[in-house]
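Structure first, then comments.
The values are calculated or read from the model by the stated rules, or taken from the named source; none is laboratory data. Since this is a predicted model, take the numbers as computed values, not measurements. A quick note on method: Cβ atoms are made from the backbone with ideal geometry, for glycine too, and the neighbour counts reach across all protein chains shown.
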């Protein structure tokens with residue numbers, strides 16, 4: 001296979017490959033090791049993560065967050 005070839009998979013084959021990659025990464029002793037980066041890249045291509053929600057709009061000038069400013073619980 002050369003660099004320009006695409007891999008055609010059925011839905012079952014794709015699910016099996018995604019499951020195998022997830023298990024290999026999840027059960028790894030050192031999952032953040034650089035040796036798993038190629039597997040993570042393949043997994044991201046086969047099963048991309050869901051889109052992130054849009055960020056909240058910035059606060060209007062003069063307003064401060066109220067988190068933690070209420071009554072303390074005893």
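Scanning the range 49-74 for residues that are under 22 Å from residue 13 (Cβ atoms) and at pLDDT 90 or above yields no hits at all.
Tally time: how many residues in the range 19-38 are assigned to a helix (DSSP H, G or I) and over 15 Å from residue 7 (Cβ atoms)? It would help to see each step written out before you state the result.
To start, the set of residues in the range 19-38 that are assigned to a helix (DSSP H, G or I) comprises 19-26, 34-38.
Among the residues that remain, those that are also over 15 Å from residue 7 (Cβ atoms) are: 19, 22-26, 34-37.
Number of matching residues: 10.
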